[in-house]
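Read through the structure below, which is laid out as structure tokens, and then see the notes.
The values are calculated or read from the model by the stated rules, or taken from the named source; none is laboratory data. Every value quoted in this text rests on a predicted model; they were computed, and no experiment measured them. Cβ: placed from backbone, ideal geometry, glycine included. Neighbour counts: every protein chain shown.
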Amino acid sequence: MLATSVLCLRACLALLAMPIYLLAFLGIWEPFCKKVFFPFFLEKLSAIHERKAKKHKQELFRNLPDFASPSGELKLLEIGTGCGVNFQFYPPGCRVTCTDINPNFQQGLSKSMSKNQHLRYERFLEAAGEDLHQVPSGSVDAVVCTLVLCSVRDVSAVLREVLRVLRPGGAFYFLEHVAADHSSWKYFWQQIYHPTWKLLFAGCCLTRELWRDLEDAAFSELGVRHVRVALPWTPIEPHIMGFAVK
Ligand SMILES: C[S@@+](CC[C@H](N)C(=O)[O-])C[C@H]1O[C@@H](n2cnc3c(N)ncnc32)[C@H](O)[C@@H]1O
């Protein structure tokens, strides 16, 4: 009964979004989304998410300096940097390498870089988190992913790359939206929105249980907290946050 309701409501939503499905079928939506729609949308979403998540992020990144190398330098690699909303939370002098599969966020990224001149920007790599071969093994002290693991093609492959590029004792910081409790209305709606949402928002999946992937990865320590970021009117709730040590 529940499964049938989900399917019917999914079909209704797909009907409403029919023009987008048609553009996708014609091969027009994906390049348009990547170049125009998603960069525009992300800048708007980032501003809202930023306000709501600020306290959580301040708490999350508080101990970043503890992972600096013995020379005092902190080399950080961010996967899926987008518009660079996390730069403000990194400590002064931190050497940042930005990576993203989509190189079309220059406008937002440049704004964030000029606002955050306390950092040293090393380079921008157009790369998928699943394949960071340009980054040598064991070469970074910290890796950051926020709102990225929902969209990657292969979460386990990304986590394997994170473990490869981190030096022993380095840390992986994450803040991600995840599937709601299966008995909740929120999860019911997440299942309905899922296919259309994924198409509209560059592959973003609403129902991933990312804490399980983190538990299965070979980190030596893992701290995961389930938190609310106060976005009750959206399906991108709840969130998990924490850090894992190689
Ligand atoms: C919702 S945005 C989040 C951006 C930023 N991290 C933030 O917190 O605002 C998702 C980002 O992940 C990037 N992304 C998606 N799949 C990726 C992949 N496989 N590897 C690297 N980045 C990816 C997207 O291009 C986009 O910049």
- prompt: Out of Glu126, Glu78, Glu176, which single residue is within 19 Å of Lys44 (Cα to Cα), at pLDDT 95 or above and either away from the ligand (no atom under 13 Å from the Cβ) or not basic (Lys, Arg) (or both)?
  reply: Glu176
- prompt: What are the pairs, 6+ residues apart or on separate chains, where a residue within the range 15-44 that is modelled with pLDDT under 90 has its Cβ under 9 Å from a residue that is not in a loop (DSSP other than H, G, I, E, B)?
  reply: Phe41/Cys33; Phe41/Leu200; Leu42/Gly108; Glu43/Gln107; Glu43/Gly108; Glu43/Lys111
- request: Determine whether the range 151-171 contains at least one residue that is of a type in the set (D, E, K, R), touching a helix residue (DSSP H, G or I) at 6+ places or on another chain (Cβ under 8 Å) and either at negative phi or within 9 Å of the ligand (Cβ to nearest atom) (or both).
  value: no
message: Residue under question is Arg212, and the condition is that it be under 15 Å from Leu159 (Cβ atoms), out of contact with any strand residue (DSSP E or B) (no Cβ under 6 Å at 6 or more places or on another chain) and surrounded by fewer than 18 Cβ atoms within 10 Å (Cβ to Cβ); does it hold?
response: yes
query: When only residues in the range 172-194 that are in contact with a helix residue (DSSP H, G or I) (Cβ under 9 Å, 6 or more places away or on another chain) and among the charged types (D, E, K, R) count, which is surrounded by the fewest Cβ atoms within 10 Å (Cβ to Cβ)?
result: Asp181
statement: Scanning the range 121-159 residue by residue, those surrounded by fewer than 16 Cβ atoms within 10 Å (Cβ to Cβ) and either touching a Cys at 6+ places or on another chain (Cβ under 7 Å) or not small (Gly, Ala, Ser) (or both) turn out to be Glu122, Arg123, Glu126, Asp131, His133, Gln134, Pro136, Arg153, Asp154
task: Return the only residue of Val165, Val144, Val140, Val155 being under 30 Å from Thr4 (Cβ atoms) and of a type outside the set (Phe, Trp, Tyr).
output: Val155
query: When the range 76-98 is examined, which residues are found to be among the aliphatic types (A, V, I, L, M) and part of a helix (DSSP H, G or I)?
result: none
field: Answer from Glu73, Glu43 - the residue that is more than 13 Å from the ligand (Cβ to nearest atom) and either over 18 Å from Val162 (Cβ atoms) or part of a strand (DSSP E or B) (or both)
entry: Glu73
message: I need the full set of residues from the range 183-242 which are aliphatic (A, V, I, L, M), in a loop (DSSP other than H, G, I, E, B) and more than 24 Å from Phe38 (Cα to Cα), in order please.
response: Ala217, Ala218
message: Anything in the range 31-67 that is aliphatic (A, V, I, L, M) and surrounded by fewer than 20 Cβ atoms within 10 Å (Cβ to Cβ)? List them, or say none.
response: Val36, Leu45, Ala47, Ile48
